[in-house]
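Each remark here refers to the structure printed beneath this line.
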Amino acid sequence: MRRVFYFLVFTLCACTTISCLHREASFFSDKEYREQVKTDFQNRKSAVSSVRAEALFSVFDRSDLTSEEREALEFLFAYMPLSDLSDYDGDFYLAQVRAAFDARDFFEWGARIPEEIFRHFVLVYRVNNENLDSARIVFFNELKDRVKDLGMAEAALEVNHWCHEKVTYRATDGRTSSPLDLIRTSWGRCGEESTFTTTALRAVGIPARQCYTPRWAHTDDNHAWVEVWVDGKWHYMGACEPEPVLNAAWFTAPVKRAMMVHTNVFGKYTGEEEKNVDKPMYSTVNLLSNYTYIRKAKVRVIDTEGKPVAGAKVSFKIYNYAEYYPVVESVTDSAGQASIHTGSGDVLVWAGRDGFFGYTVSSPDTDNVTVILDKKEGDGFEDTYETIPPPEQKIAGLPAELTAENGKRLYREDSIRKAYMDTFIEEETAKRFASGLNLPAGETWKYLNLSQGNWKEIRNFIAKHKADRYLFPLLSSVSEKDLRDVPEHILTSHLRAFHRVTPKAGTPEDIVTDNLLSPRISREVIRPWREFFLDEFDGSTVEHVRENVGEIVDFVRKNIKIDDGQNYYNCPITPRGVYEMKTADKRSRDIFFVALCRSAGVAARLNPATSRPQYYDGEWKNAEFESETKEIYPQAKITFVNSKDNLLKPQYGTHFSLARFQDGDFVTLDLDPNVSTVSVDEGYYRLMTGSRANDGSVTINNKYFTIKGSVSQEIKMPEIVNKVQVLGIIDMNTKIALTDGRETTLKDLSDGNGVMLCFAEPDKEPTKHILQDLPAQSDELDSWGGGILFLVPDDRLSAAFDHTVFKNLPKNTVWGIDNNRSLLNETVSTLKLNFGDGFPLTLFLTNSGGIVYYSSGYKIGTGEDIVKTIKSLKK
């Protein structure tokens, strides 16, 4: 018995010792890094307001907190963006830390992940500018048994298949939904899909990061995807677009034409990759060399006397959507030099300092360029030049047997997602619901239909407020995405609080809905700020500031400290978060001001052209926060006149843009695509027009001038010198099996006018872009009178694809099936293409079968190209 007793005592002590060692394990093996984190944490902690400090840091008082958890929390608090310090509490972050450690300990690969990789690409809870939620905990519980017996690479692929069961691609606005909200909707843009997939991978302990090409050079738009760290190396995958192997995606060919691929890394990162940005709290890593050939573009900045200019701001820019988008920004060294690693195409190099600026184009043939700062604000001039994107590169497709087997899986996964989407409310049910409440059936169905998987929340809101005359105005004032993810209780809170105050006297009825009632201000997530502020301030104060709005301006100016550096993910801080933290970036400060005004019954907005905060007091007035001296911005008007020589009507933000000179560079105004006349601040402007050719090159015209009073500017698209030539011939008597069971021929579809033929892969983003592009050209294509045929190879049929989702397609659009890829193979052979799986392949066929246009793979503006081709043929 004595031996047994000693053995038990020894065992208990040993277990206690092991438990203590585990409990006291450090999260950082590098002592110097650990001390740096502690220092940065203490500095950050001391800068947090007292209200937020209690909510955030009381978590450290918990008795069950391990040393490893404590250090992980300190790391997160030290480097998290300001929005996360302002809007979430310590217990939320502890749950995130424990979920990351649980995944590390549960999966066999957890022990093989290097500390630094785990710290930055598993532990970190945020991917981009999404609203945060508990997705990683939910995803871990759903995925753990599905992937626990797989190797790391196979697990990563399997997670992506699971993501495809939940979410598919469809374009939407720039606010990034949370992962759980995205599941409820079942679709989102690439930035949301990649945020979702990165979260799912991190949830099972697989290091993952979201990658972006911030703008394409060969076409408009951008793209985001995911890289996963597997057994010592980073690999890429299309988010929610699973392939049978890693390093395979529809964008494999387009990304070889990229000028930049990057990822943001949370915290102090010491990885070996090149950094475009290296800040105290984050870095932006240049990943372009993982995908394509790179070159070093160097610039030397000099003044008009030929002397080097140190400290000049240099911006390397790509033409995209009728503006120059900065992909990397830098500052010249003492020799006036700066450089970046970029792709094998042209990049505009812009430089400025002390009110002077200059620019030039860097191309692969001229890696070393000089920019002379010989221009200044007020100079009037005009120039035209061409930029060339990187050339196309050949890629090999995957083996047919792999693609076929993967296609079967995608079909099953589409069916799973479709089964969920079939649970959304149907039109008849919605109309019966409306009838029972004595509400207009059409309007009720409109909002229930737009709410998708959130329809129960919107239904409950409608039922609760059926007698409120502001019910439908409020629903009309929020975005479609809001309808898909905002809870009923938040909408109810705003409507209830709206009725607690009297609108400021003299407020026109036609601005009440969008500028007073609406909880939507910019691209922030909607929160119940209105009731919070009305409860925070007494009624007499609210009444007083309603009649003295200048005091709201003064309150914001005196109480909110501006810090644009800390909120590096550009996720807007909620109005309550700004109020409690008392520190914000300028955009969040402006949103906060608008929320305060609306809470008090004062109509307020961010100006749709300048984004400047404004309130209504007999007229729209600017809120000036930077100084107590009121700065007046005289207003002017500009009218855009379409040139009769244009082949199509130019749209703002696609074919032309207007940018105002401020702080040494031009900032593009955010205007309606169909704008004709707009009020702007007087000042110095650049009008840019661009025409993109089929090969991706762009002819750009810039006009620099001052706007004062009322002015007009003709919008004339730069001419592209392209001869239409026949690239091959297709037999127009080829029979086509339509999806509705009929059979026709290309000749019949042409009806003497030609055919737009698109070989489509319905469940992939590039095809969906074409389907979203075409409605803008519907009038032109309807008047043309030819046929539009989307032909889907039978091995690319998708169970969930429903082309009726894409509204307002040209009236002559039909869908068909290409059995055994017979017509596709004939077309590829005729054009001598190295096609691989470069869907979509889009052609324009003359009535005699001549191919006079084709485009393969990802491209924005295909419908516009077709219209240009048609008009060129008529000349």
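What is the Cα centroid distance between the stretch 690-709 and the stretch 170-235, reported in whole angstrom?
Each part's Cα centre sits 32 Å from the other's.
Hand me the trypsin sites (Lys or Arg not before Pro) from the stretch 718-796 located in a DSSP loop with no more than 16 other Cβ atoms within 10 Å, in residue order please.
Passing both the DSSP loop test and the Cβ count: 723, 742.
Starting at 0 and stepping by 10 Å, how many percent of the alpha carbon pairs of the stretch 55-196 end up in each bin?
Per 10 Å bin, starting at 0, the Cα pair percentages come out as 10, 38, 36, 15, 1.
For the stretch 644-759, what mean projected area does the convex hull of the alpha carbons give, in nm²?
Numbers: hull surface 45.6 nm².
Mean shadow area of the hull around the Cα atoms is 11.4 nm².
Rounded, prolate or oblate, given the Cα gyration tensor of the stretch 676-732, with a/c below 1.5 counting as rounded? Walk me through the numbers before you get to the answer.
Details: a/c = 4.47, a/b = 3.16, b/c = 1.42.
Prolate, because a/c is 1.5 or more and a/b exceeds b/c.
For the stretch 319-389, what % of the accessible area comes from carbon and sulfur atoms, probe 1.4 Å?
On the way: 1400 of 3140 Å².
The nonpolar share, carbon plus sulfur, comes to 44 percent.
Take the solvent-accessible surface of the protein heavy atoms, probe 1.4 Å, and return the percent of it on the stretch 210-266 that carbon and sulfur atoms account for. Provide the component values of the computation, followed by the final result.
On the way: 520 of 1220 Å².
With neighbouring chains kept in place, the figure for the stretch 210-266 is 43 percent.
Could you give the accessible area per residue of the stretch 134-220, probe 1.4 Å, as a whole number in Å²?
Ligands and nucleic acids excluded, the figure is 23 Å² per residue.
Determine the sum of side-chain charges near residue 737: Lys and Arg each +1, Asp and Glu each -1, restricted to other residues whose C-beta is under 14 angstrom from that of residue 737. Mind dumping the intermediate values first?
Working: positive: 735, 742, 821; negative: 740, 743, 748, 794, 818.
Cβ neighbours under 14 Å give a net charge of -2.
Quick check: at a probe of 1.4 Å, how many percent of the accessible area of the stretch 694-841 sits on carbon and sulfur atoms?
On the way: 2950 of 6710 Å².
C and S atoms contribute 44 percent here.
Just how much of residue 80 is accessible, in Å², when a 1.4 Å probe is used and the result is rounded to the nearest 10?
0 Å²
Set the bar at 31 Å for Cα to Cα. Now go through 832/868; 408/768; 376/586; 256/446; 31/317; 644/708 and name every pair that lies beyond it. Display every interim value, and only then the final one.
Details: 832/868 24 Å; 408/768 20 Å; 376/586 27 Å; 256/446 42 Å; 31/317 41 Å; 644/708 26 Å.
From the list (832/868; 408/768; 376/586; 256/446; 31/317; 644/708), the Cα-Cα distance tops 31 Å for 256/446; 31/317.
Pull out the extension gain between residue 411 and residue 562, defined as 0.36 nm times the separation in residues minus the alpha carbon to alpha carbon distance; nm, one decimal. Write out the running numbers ahead of the final one.
Details: separation 151, 0.36 × 151 = 54.36 nm, distance 5.07 nm.
Gain on extension, residue 411 to residue 562, equals 49.3 nm.
Report the extension gain between residue 108 and residue 820 in nm, rounded to one decimal, defined as 0.36 nm multiplied by the number of residues separating them, less their alpha carbon distance. If you can, show how the numbers build up before the last one.
Working: separation 712, 0.36 × 712 = 256.32 nm, distance 4.29 nm.
Length gained, residue 108 through residue 820: 252.0 nm.
Run down the aspartates and glutamates and flag those whose C-alpha is under 15 Å from the C-alpha of residue 268, throwing out any fewer than 8 positions away in its chain.
In chain and number order, the partners are 30, 32, 35, 40, 71, 74, 115, 116, 278.
What do you reckon, how do 544, 235, 120 stack up by accessible area (1.4 Å probe), largest on top?
Details: 544 85, 235 35, 120 5 Å².
I get 544, 235, 120, largest accessible area first.
If R0 is 60 Å, what FRET efficiency do you get for residue 804 and residue 39 from their C-beta distance, rounded to 0.05? Walk me through the intermediate numbers first.
Working: r = 59 Å, r/R0 = 0.98.
It comes to 0.55.
What's the long-distance tail for the chain, i.e. % of Cα pairs beyond 45 Å? Walk me through the intermediate numbers first.
Numbers: 123601 of 382375 pairs.
When every Cα pair of the chain is considered, 32 percent fall beyond 45 Å.
Rounded to the nearest 0.05, what FRET efficiency do residue 522 and residue 547 have when you use their Cβ-Cβ distance and R0 = 30 Å?
Efficiency, from the Cβ-Cβ distance: 0.70.
Which of the residue pairs 716/871; 45/561; 296/375; 649/859 have a Cα-Cα distance greater than 24 Å in the structure shown? Working shown, then result.
Details: 716/871 16 Å; 45/561 16 Å; 296/375 26 Å; 649/859 20 Å.
The answer is 296/375.
Find the accessible area per residue for the stretch 230-313; the probe is 1.4 Å, ligands and nucleic acids are left out, and the unit is Å².
Values: 3420 Å² over 84 residues.
With all protein chains present, the stretch 230-313 gives 41 Å² per residue.
Return the equivalent ellipsoid semi-axes of the stretch 775-875 as a descending list in whole Å, where each equals the square root of 5 times an eigenvalue of the C-alpha gyration tensor. Before the final figure, lay out each step's value.
On the way: eigenvalues 96, 71, 30 Å².
They are 22, 19, 12 Å, listed from largest to smallest.
How much accessible surface does residue 401 have with a 1.4 Å probe, in Å² rounded to 10?
Result for residue 401: roughly 130 Å² accessible.
Which residues among the stretch 491-506 fall inside the zone where the amide N is under 18 Å from a point 7 Å beyond the Cα of residue 443, along Cα→Cβ?
Within reach of a label on residue 443: 492, 495-496, 499.
Rounded, prolate or oblate for the stretch 478-523? Axes are the square roots of the Cα gyration tensor eigenvalues, ordered a ≥ b ≥ c, and the cut-off for rounded is a/c under 1.5. Mind dumping the intermediate values first?
On the way: a/c = 3.28, a/b = 1.56, b/c = 2.10.
The shape class here is oblate.
With all protein chains present, calculate the accessible area of residue 150 using a 1.4 Å probe and round the result to the nearest 10 Å².
Only protein atoms counted, so the area is about 60 Å².
Just flag the trypsin sites (Lys or Arg not before Pro) in the stretch 429-466 sitting in loop per DSSP whose Cβ has no more than 14 other Cβ atoms within 10 Å. Write down the numbers at each step before the final one.
Numbers: sites: 431, 432, 446, 456, 459, 464, 466; in loops: 466.
Loop-located and lightly packed - 466.
Using the heavy atoms of the protein chains alone and a 1.4 angstrom probe, what is the accessible area of the stretch 314-462 per residue in square angstrom? Present the calculation step by step, with values, prior to reporting the outcome.
Working: 7390 Å² over 149 residues.
It amounts to 50 Å² per residue over the stretch 314-462.
The values are calculated or read from the model by the stated rules, or taken from the named source; none is laboratory data. This is a predicted model, so every value here is computed, not measured. Neighbour counts run over all protein chains shown; Cβ positions are idealised from the backbone, glycine included. Surface areas here come from the heavy atoms of the whole protein model, side chains and all, with no ligands, DNA or RNA. Shrake-Rupley method; radii C 1.70, N 1.55, O 1.52, S 1.80 Å.
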